[in-house]
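Below is one structure, written out as structure tokens, with a few remarks after it.
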Amino acid sequence: MMQEFDTASAAFWTERYRNGHHRWDVGTVSKPLKDYFDQLSDKEMLILVPGAGFGWEAGYLYDAGFKNTFILDFSAEALQIFKQNHPHFPEANILFEDFFDHRAHYDLIVEQTFFSSIPRNKRPNYISKIYNLLRSSGKLVGLMFNHEFDFDGPPFGGTFEEYQQLFQEYFHFKVFEIAHNSIKPRRERELFLLFLKK
């Protein structure tokens, strides 16, 4: 009998990291996000990268001078890999906890493959949690898959219309469009978003 896993559990993701089942990882900061980060000027802003896994975005931001960047994940294995890849990243900025239990406030939250890892029935919880973690006029920036997968995830896909329905109660859509500078395997298949907290 095939063993079933709870995709919302730390154990599920820790096993994936240990066994090398992380095809979502591109090995560097995503180009659309890098281009966005490169035009930011406020180095004092508080930034959270939740469900970050390998955390290339968090590492890039910190190296670019955004010293108030925090990485959060509930898989100890994922954070251990992050520490190996970014030994200079401060321990105090590495948060080992469940995203839904986290309590703090940020100016910017970065979404990169975390949303697609969350079971569909928990998506509303994710959105309200992001809203509560952001300061007034805080922003959510990130990438989301713009298609469905032919398997039962994770990752879980979705559509522009579905996301629009989910997020519109809590956010103004400053940018919400197909990313124009995705890596080749994801070209035309992911949406770049920049949402402003209502």
**Label-point separation, residue 122 to residue 101 (7 Å along Cα→Cβ), nm** = 1.3
**Request:** Work out Dmax and Rg for region 22-127 from the C-alpha atoms and quote the Rg first, both in angstrom.
**Result:** 13.1, 37
**Asked** By how many nm would the segment from residue 169 to residue 43 grow when fully extended, if each residue of separation counts as 0.36 nm and the alpha-carbon distance is taken off?
**Response** 42.4 nm
**Item:** Among the listed pairs 43/83; 67/122; 34/197; 34/67; 67/198, those beyond 28 Å (Cα-Cα)
**Value:** 67/122
**Interchain or long-range residues, amide H under 5 Å from residue 111's placed H** = 141, 142, 143
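Coordinate-derived values only; no laboratory data. Please read all numbers here as calculations on a predicted model, not as lab measurements. Cβ coordinates were reconstructed from backbone atoms using ideal geometry, including for glycine residues, and neighbour counts include every protein chain displayed.
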